[in-house]
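What follows is one structure encoded as structure tokens, with my remarks underneath.
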Amino acid sequence: MEARKIILSVDMGTSSVKVALITVDGQVLGWESEPLELILTQDGGTEQSPQEWWQAFINASKRLLSKKSDVAKDVFAVCCSTQGEGTIAVDKQGQPLSNCILWMDMRGAKNLKKQLKGVINIDGVALSKVLYYIRLTGGMPSMTGKDPSGHMLYIRDEMPQVYNSEKGYQEYRDKGKKKGKRKKN
């Protein structure tokens, strides 16, 4: 008898990490989830810990594979989907220097507006910069600050210890523990 081909499907969502074992023809053999903490900062930010994502993935996967140990050997692929528009500053080794700034975080809006303002503006953006972005990418960053452009400018302007120094992450994390309000989903 030929072994079934099983996919470990992973959804890294905002509220939890979900994992499932699914056959190539779409049959769900089992699933598990692990809740994630949403960090709401005093200045209106929304963040999550990349380390917590990884641990949640490991925990949920181990539970699922131990419950379905008879098919675990048949996993031939891992398929992942994640939240969009999150931004994580990392060091040269790929280690996080800060929490992930999530897709719903708008703190970078003022930094983006300041960066893109010019003499002749269209909705607050310099005409030359509008033309540059359209030529380069076919569109503009979201002026809400909810995308990587706003997030990266926020990190550069408001988190210089993270932007300029690999040692900044520990300072940032310690500061966040004192200032941030954490919400467990």
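Read-outs throughout are calculated quantities, based only on the coordinates presented, and are distinct from any laboratory measurement. Computed from a predicted structure; not experimentally measured. In this analysis, Cβ positions are derived from the backbone assuming ideal geometry, glycine residues included, and neighbour counts consider all displayed protein chains.
The table below gives the values:
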| item | result |
| --- | --- |
| Ranked 31, 53, criterion: other C-beta atoms within 10 Å, fewest first | 31, 53 |
| Choice from 86, 138, 124 with maximal GNM fluctuation in the chain (Cα, 10 Å cutoff) | 138 |
| Ranked list, fewest to most other Cβ atoms within 10 Å of each Cβ, for 92, 5, 129, 73 | 92, 73, 5, 129 |
| The chain - charge dipole about Cα centre, Lys and Arg +1 at Cβ, Asp and Glu -1, debye rounded to 20 | 500 |
| Estimated inter-spin distance, residue 90 and residue 134, nm [label 7 Å along Cα→Cβ] | 3.4 |
| Per-residue Cβ neighbour rank within 10 angstrom, fewest leading, 43, 11 | 43, 11 |
| Greater than 31 Å apart at Cα, pairs in 18/114; 73/146; 92/113 | 18/114; 73/146 |
| Shape box of the range 1-83 [Cα atoms, principal axes, largest first, Å] | 59, 21, 15 |
| Karplus 3J(HN,Hα) series, Hz, for the range 84-101 with 6.51 cos²θ - 1.76 cosθ + 1.60 (x for Gly, Pro) | x, 6, x, 10, 10, 7, 10, 8, 4, 8, x, 7, x, 9, 7, 5, 6, 7 |
| The chain: most fluctuating residue of 147, 123, 105 per GNM, C-alpha cutoff 10 Å | 123 |
| Which labelled figure in (1) 65; (2) 34; (3) 46 is percent of Cα pairs over 26 Å apart, once derived from the coordinates | (3) |
